[in-house]
Structures are given as C-alpha cells and as structure tokens.
Amino acid sequence: MTLEIKTSNIKPIRNTYGHIARRFGDKPASRYQEATYDNAALVNFHYKPLWDPDHDLNDPRRTAIHMEDWYALKDPRQFYYGTYVQNRAQMQEKAEGNFSFFEKRDLGARLSEDVLSKCVRFLLPLRHVEQTANLNNMHCSASTNYCTALAQATKFEAMDRLGNAQYFSRVGLALDGNSGSTLNEAKEFWMTDSAWQGVRALCEKTLTVKDWYETFLAQNLVFDSLLNDLYYRQMDAWLSVNGGQDLLILLDFMSSRLTDSQRWVDSVVKLTAAESDGNKELVQSWISAWRISAQQALEPLASAMLGEEALADAFSALETRLGKIGLGG
Amino acid sequence: MQAKKLNVKDKYRLLTRDLDWEFSYEDRKEAFPYEEFEGIKITDWDKWEDPFRLTMDAYWKYQAEKEKKLYAIYDAFAQNNGHLNVSDARYVNALKVFLTAVSPAEFASSNGFAWAGRHYGGAGARVAAQMQSIDELRHYQTQIHAMSHYNKYFDGFEEFPHMHDRVWYMSVVKSFFDDCRSSGPFEYIVAVSFAFEYVLTNLLFVPFMSGAAYNGDMATVTFGFSAQSDEARHMTLGLEIIKFLLEQHEDNVPIVQEWIDKWLWRGYRILAVVAMMMDYMLPQKFMSWKEAWELYFEDAGGALFKDLERYGIKMPDFTETIKNEKDHISHQAWWVFYSHGHAAAFHTWTPTAEELDWLSEKYPDTFDQYYRPRLEAAAELEAKGERFYTAGLPQLCQTCQIPMFFTNVDEGKPTEIVYRESTYNDERFHFCSNECKHIFDREPEKYVHAWLPVHQIFQGNCGGGGLDEVMEYYRMGLGEMNLDYKGSPDEKRWKKWKGVA
C-alpha cells in the first residue's frame, strides 16, 4: 500500500535549461547534466591572453587532439562539486579512523627497522610525486575551461592528488611522533638518492609539457599505472609478508581512490582514441614516448625497492590496462 | 626518531609548501613561466603567510556537510513549490540577472584560479588559489541548481550560458573576467581576490542574498548562507596577497597601485546593475544602493585604505566621483534597461506609487528633481497603451562596455552625459569616464580587441541587422522573457497561481 500526500501540482513550463534540452530532450535532467553540459564559454572573447596570444582564453586548440563533441569525454562517476566532496568526505572519515586507530594503538612501534626504513626511503617521497600530479592535473583543468566535463574532473583529480600528498606526509608524521623528521629524511632521499633521481627528473619534465592532453596521458595513464602497480600491488604485498600490514591501513585512502579515478581516466582515453584515427595515432605516439621515459626513470627505483623483475611486472600491468581501453600493442 | 613536536604552522608547512623542491633537471622557469612578465618581484615565497590552514581532508569534510544541508533545502524548496512564496513575481527578475550575468563569471573565476593555482612559484599561494578554484566551481554549480527550479516556472533563465557570451549587457561582466583572466597571475589575483572579493563582495554578493532573504526566496538565501564561509576565506586571501606583494619589493608598490585603481573602477562599474537591482527590482527592499555604498565602501573601505597607507598605497582618486554618482546610477541604469526592455532577458516596469515615494525618501537630493518625472511620464504612456521602447542602440564605453549614460556629476551637471575619447592607430574610441579612458590609454593594444556587442550588431555579426535577427541570435524571442512585466507570461502565470485576477 502506498501513501499519497497531496501537494499543489503546478505544471512546469519546461523541464530543464535550453542547452540541456537540446542535448537530452526536454525532460527532467540530472544534477550532473545541469552542472556539466554546454555551460562553458566558447565564443566572443574580448581579449587575447597576454601569456598566450596565439589562443583564445577558452580554446580547444591548446591540444593537438580533436573532438567533435568534447562533452563526450564525460565522467562515468558523474561527479559534480556536490557529489565529489560528499564522496571524498566519506573516504576521509574512514581514513581519519585509520590514522587514529594506528596512533592510539601505537602501531608504528611494532614496525621493524627494516619496514620503517623502507617506508621512509620509498614511500614518503611519493608526497612529491603526488604534488606533481596535483600540478599536472591543475594544468589540464585550467586548459579545459571550454568543457566543464573535463575542467571539473581534472580539478577533482588535482585536489585528490594534493590530498594524497598530504596523507603521505601524515604517514611520516604518524611514524615520527609528529616531529617531521621522517619527512626531512625522505626529502633528502628525493633530492639525492640515486634510486629517486630518474623519477624526480621525470616529474620535472612532465611539468614543462604544454599540450594538456599529453600531460594527462603522461601523468594519469602511463606514469600512474606503473607507480600504482609498483606501490599498491607489489609494495603492498611486500609489506604484507614483512610485518608491515599495519602500515597498509594508512594507505587505504590512496589505494581505494585509485579505483574510481582509473575508471574515469580509462573512459576519457578510450573515447578520445575511438573518435578518429588521428586521435588514436597521437595518443599512441605519446604513450610510446612516455613509456620510454618512464622505463628509464623508474628502473633504479623499482630495482632498489622491489628487485629486478618489479618494473617488468608493472609494465605488463600497463599493457593489460592499455589492452582494455583498445590501445594494446 | 623522537624530535620536538611541530606547532600547527610548521605542520601545515610540511603539508603544503614542503611538498615543493628545487629543480635539478629542468629549468624551473619552464615549469612556472609566467612569474616575471608583469614586473612583479618576488624575493622570497617563504614569507607567504597562509591565510587559512586548510588541508584537503578538512576541506572535503566541511564542504560536504555544507553541500548536504544545501541540497536538502533545494529538494524541499522544489517539493513545496517554493517559488510561490516569493514576495512577488517581479522579484524573480533579479534572479534572472544573477544567473545570466553573475553565475557564468563564477566559472570564469574558477578557471582563473586554476591557472594561477598552477603557476605561482610558491606552494602556499598555489594551494590557496586551487582551493578557491574549486570553491568557485561550487558556487557556479550550486547557483545553477538553485535556479533550476525557477527555470521550470519562469522565462529568462533557460539560455543563461548562451546569453552570457552574446547579449549586450552581459558583456560588461564577461569582459571584466576576460580582462583579468588574460592578465598575468598577479594582476589576476589582485583584481579578483583583492579588488573584487575583499573590497566589493559586500556590494554584490550581500545585496543579492539579502534581497533573497527579504523576498521570501529560500533557495537563494540558503545558498547565500552556505557560501558565506567560502567568501570569508576568499576575502582573507585577498588581503594576504596584497600585503605579500607590497612587502616583497618596493618596486611592486606602483604596479599594485595601478592594479588597485584599475580593478576597483572596473568592479565598481559592474555594480551599476546591483544598484538598479536594489532600488528597482526588489519588491521588498532592504537598503538603498546609496546606503549600501556608504556603509560598505565609504566606511569599511576607508578604514582598509588607512591600513594600507603604511605600504605607500593610496585610496584611488576617483572615489570622489563614485561618491557623487551614488545618488544617480541606479536610476540611470534602470532607465536604460526600461527603455531597452525589448532587448533585455528580464522584465522591466515602472515603479508603483509606493515605490516612487520610497525612492524620493532615499534620494532626497536627486530623485524628485531628475528621475521621478521621467518615470511618471513613462507610466502615463503605458496607461495609454503606448509603452515606451527606444528604437536605437546605445553607444558603449570601450572599456567597461556599459552604455554611455553616466552624467557629469563631478562638475554639478547631472543631466549632461560624459563623453571621453582617445585615438589609437588612427581610430577613435569612446569612454564613459576619465577612469575608463585612463585604463584604455595604459593598454590600448588590449582594449581595442574588445568584442563590443553594439558594434558587433552593426557589423552584422549577431545574426543580421534587424531586431528580430538579433533577438534570434540571443535566443531571446519576443514577448516571453523580455518586454514589460505587465502582460508578460510570467505575470499571467503568477496571477493564476495566486488566484488573483
């Protein structure tokens, strides 16, 4: 049996905005649709940017990729601001619980010297890698101002990565009694340890890339796939069998965040490549180039951290991922 | 491993600026290429004081709580046909102005902060700018969602992004944000964070939200309260950036002074539309434009500039002009929209007898003398069935893009329109004021590119030469979202819902 509460019934004169109706028909629209589609400025800009006079302020030509409809590159998670922050707030609540559990039980004291030193040398410097990812995604967000679907999703990724950088820093603080000493040591490794210099050089290089789509691929697909496999699968396994399980709960935010982020990245790249042969060739050539750079950059780190096979395993994970999005070799 | 525990400030430093490092493999200038071209000298980013110490985890948590409450109200508002509770359907026209002219600017601002938040060399400033970037996205999207319900029952909301890029008066706001986004990262943040957010927010954001509160608009007022803490953060950033730039190097002082002068004037010109909204469009008025200006600028701004004196910053000279204009601009702006009501995406009307008396009381020195007779004459024409619409298109100022309606109040000639001009590359350009001319003269190569809507119409770039074609280009139609409120579909529906004849 259903209850029917009587409300005053006034017939709407339209169901949604004109630009939404032209795309989806005049029917009730979702909040994602109204927040996202066809609401970014595209024409009649007043001035040329002093810092880039060859382009308009909002200009799809800041990448060599062409799309008939940029909004095809939508976010499968349907994140707009409200759903994004609410989703991440739930995840951070869980992370907060993990950190306080770890600190309350003094789980850091149970970690062996071996695990601790591995963590300081290999895990904590990731905060700098995450900050690079923050900047790279902010570059994408600033450059995709002509398509809200992309501008918002890349902005969310950027803020996520700043969050990751801060969580990695907090892992250090949880281990050094909030003194910051582990973070100082880790930064020294980042700056001088030969295992890290390739990665640092690669991070610096990605920050000089101008074509935002190339930045997107280098960071979110190539570099991240390899690091994710090295850290959230292989390093995770190493910690599990070497008495470092307690540390894993502090990495839970970063590893669970990956699942939804990768789904979005894969969807964007897949749709871009499927658009045209030109796009596909461009995407493949960028991936090939960045694979080579990443190979050289990551080899010393992967070997020192996990052994000689580690990077090859990570590359086969990348291969699998590329296969799934139609870009397999 | 047991060293001294960190204080809050040092801990926040580790969570933000310590993420940065000195480059070894690439030229850092390749990664942060826009820090120097404006002439600003940054000697030490470490001197940046974080205006608020917000980490991402706390950001997600606070913002999610606010969003949850806000959307619960939106849902309740829609479920209960909240639009029926506003003071009068005329009020909704203020919201149309907001969604079409202001909301897209929030998105432009989100973009500007993303760009600046990518390019500052100092991580502390970058993080603050990035957070504002995502906040501005929030404002854009929550405004779209708040107006979504009104759009279902009133005309004039449905084409907001299309119109923002095309319609003549929208170019006033669009050109403001195009102007600051096309500048360098430091001018951008002085323009938006200091001139706009810190000095002028109380004269734009607050009037619209207070108007909503006084007129029974629960959706908008809830948005206003929800955005308040974001705005407070944005204002704090504005003050921090100005102090930081001034303290970094004495050579920055004259550059920053030029920017303050330029952007306060640019911002003030946009407020003409707020002035008109406050004095003419709110059925329940909370304050006159003149009172708001005195309270929020003359009192509060005066104290601010006193505080900045020690850095060598002066209150801009033109504040005398603004003082003189405060008795006039709302009346002048409303007349421009009333007489061009066929080309506006909202309804216009003549004030009721009661409203005319309110205006006389609030503007004792000017209203009865200069503005009441014109409005009464317009009402008489209306009564005869001859509602006045002007046939011509207004001449626009090359800088602020507002129709040339401002009068020579500085010289005590309030009925004489101000015309200023400059010649650049053998072409003549027109301005509404000395200040707009001065802004042009400093960077003529930038402002000659302005997409002036009236010129574009005459050049045939807006669908064609006839009014019908231009209206089609605007997606405005005739008789639905434009023309007088009396006789509009909005009015007919409202009367039907309220059961009045």
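Taking residue A:136, is it in contact with an Asp or Glu (Cβ under 6 Å, 6 or more places away or on another chain) and within 11 Å of chain B (Cβ to nearest Cβ)? Explain how you work it out, then say what you get.
Working: in contact with an Asp or Glu (Cβ under 6 Å, 6 or more places away or on another chain): no; within 11 Å of chain B (Cβ to nearest Cβ): yes.
No, not satisfied.
Do we find a residue being buried (at least 16 other Cβ atoms within 10 Å of the Cβ), modelled with pLDDT of 95 or more and within 13 Å of the chain's Cα centre (by Cα) anywhere in segment A:231-244? Spell out the reasoning first.
Taking segment A:231-244 as the starting set, the residues that turn out to be buried (at least 16 other Cβ atoms within 10 Å of the Cβ) are A:231-232, A:234-236, A:238-239, A:244.
Still in the list and also modelled with pLDDT of 95 or more: A:231-232, A:234-236, A:238-239, A:244.
When the remaining residues are screened for being within 13 Å of the chain's Cα centre (by Cα), the result is none.
No - not one qualifying residue is present in segment A:231-244.
Go through segment B:56-92 and count every residue that is surrounded by fewer than 20 Cβ atoms within 10 Å (Cβ to Cβ) and facing chain A (nearest Cβ under 8 Å).
8
Collect the residues in segment A:97-147 that are of a type in the set (D, E, K, R) and part of a helix (DSSP H, G or I), keeping them in residue-number order.
In the first step, residues of segment A:97-147 are kept if they are of a type in the set (D, E, K, R); the result is A:103-106, A:110, A:113-114, A:118, A:121, A:127, A:130.
Result: A:103, A:104, A:110, A:113, A:114, A:118, A:121, A:127, A:130.
Just a yes or no: is a residue in segment B:327-345 within 15 Å of residue B:486 (Cα to Cα) and of a type in the set (Val, Ile, Thr)?
No, because not a single residue in segment B:327-345 is within 15 Å of residue B:486 (Cα to Cα) and of a type in the set (Val, Ile, Thr).
Filter segment A:41-74 for residues that are facing chain B (nearest Cβ under 8 Å), crowded, with 16+ Cβ neighbours inside 10 Å and under 22 Å from residue B:163 (Cβ atoms) and give the result. Break it down stepwise before answering.
Taking segment A:41-74 first, the residues facing chain B (nearest Cβ under 8 Å) are A:41-51, A:57-58.
Pick out the ones that are also crowded, with 16+ Cβ neighbours inside 10 Å and you get A:41-42, A:44-51, A:57-58.
Of everything in segment A:41-74, those that are facing chain B (nearest Cβ under 8 Å), crowded, with 16+ Cβ neighbours inside 10 Å and under 22 Å from residue B:163 (Cβ atoms) turn out to be A:41, A:42, A:44, A:45, A:46, A:47, A:57, A:58.
Residue by residue, here is whether (1) within 8 Å of chain A (Cβ to nearest Cβ); (2) farther than 25 Å from residue A:123 by Cα holds:
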position: B:4; (1), (2): yes, no
position: B:7; (1), (2): no, no
position: B:11; (1), (2): yes, no
position: B:15; (1), (2): yes, no
position: B:22; (1), (2): yes, no
position: B:26; (1), (2): yes, no
position: B:44; (1), (2): no, yes
position: B:50; (1), (2): no, yes
position: B:54; (1), (2): no, no
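Check whether at least one residue in segment A:268-289 is buried (at least 16 other Cβ atoms within 10 Å of the Cβ), more than 18 Å from residue A:73 (Cα to Cα) and either of a type in the set (Val, Ile, Thr) or free of Cβ contacts under 8 Å to residues at least 40 places away in the same chain (or both), and report yes or no.
Within segment A:268-289, one or more residues are buried (at least 16 other Cβ atoms within 10 Å of the Cβ), more than 18 Å from residue A:73 (Cα to Cα) and either of a type in the set (Val, Ile, Thr) or free of Cβ contacts under 8 Å to residues at least 40 places away in the same chain (or both).
Take the residues of segment A:79-125 that are farther than 19 Å from residue A:165 by Cα and among the acidic types (Asp, Glu): which is surrounded by the most Cβ atoms within 10 Å (Cβ to Cβ)?
A:103
State all residues of segment A:97-125 that are small (Gly, Ala, Ser) and in contact (Cβ under 8 Å) with a residue 60 or more places away in the chain; if no residue qualifies, say none.
Taking segment A:97-125 as the starting set, the residues that turn out to be small (Gly, Ala, Ser) are A:97, A:100, A:108-109, A:112, A:117.
A:108, A:112, listed by residue number.
Are there helices (runs of 4 or more DSSP H) fully within segment A:168-261 with at least 2 residues that are more than 13 Å from chain B (Cβ to nearest Cβ) and of a type outside the set (Gly, Ala, Ser)? List them.
Fully inside segment A:168-261 and qualifying: A:212-216, A:224-228, A:236-241, A:245-248.
Is it true that some residue in segment B:263-281 is surrounded by fewer than 22 Cβ atoms within 10 Å (Cβ to Cβ) and touching a Gly at 6+ places or on another chain (Cβ under 8 Å)?
The answer is no, given that none of the residues of segment B:263-281 is surrounded by fewer than 22 Cβ atoms within 10 Å (Cβ to Cβ) and touching a Gly at 6+ places or on another chain (Cβ under 8 Å).
For residues that are away from every other protein chain (no Cβ under 14 Å) and surrounded by fewer than 14 Cβ atoms within 10 Å (Cβ to Cβ), scanning just segment B:424-463, find the one that is nearest to residue B:394 (Cα to Cα).
Selected residue: B:458.
Of everything in segment A:26-50, what is assigned to a helix (DSSP H, G or I) and touching a residue at least 60 places away in the same chain (Cβ under 8 Å)? Give them in sequence order.
Filtering segment A:26-50 for residues assigned to a helix (DSSP H, G or I) gives A:31-36.
Scanning segment A:26-50 gives A:35, A:36.
Check A:120, A:129 and return the single one that is within 11 Å of chain B (Cβ to nearest Cβ), in contact with an Asp or Glu (Cβ under 6 Å, 6 or more places away or on another chain) and not charged (D, E, K, R). Explain how you work it out, then say what you get.
Working: A:129 fails: in contact with an Asp or Glu (Cβ under 6 Å, 6 or more places away or on another chain).
Just a single option satisfies the conditions, and that option is A:120.
The values are calculated or read from the model by the stated rules, or taken from the named source; none is laboratory data. Just so you know, these numbers come straight off a predicted model, no measurement behind them. Glycine gets a Cβ as well: all are built from the backbone with ideal geometry, and neighbour counts include every protein chain shown.
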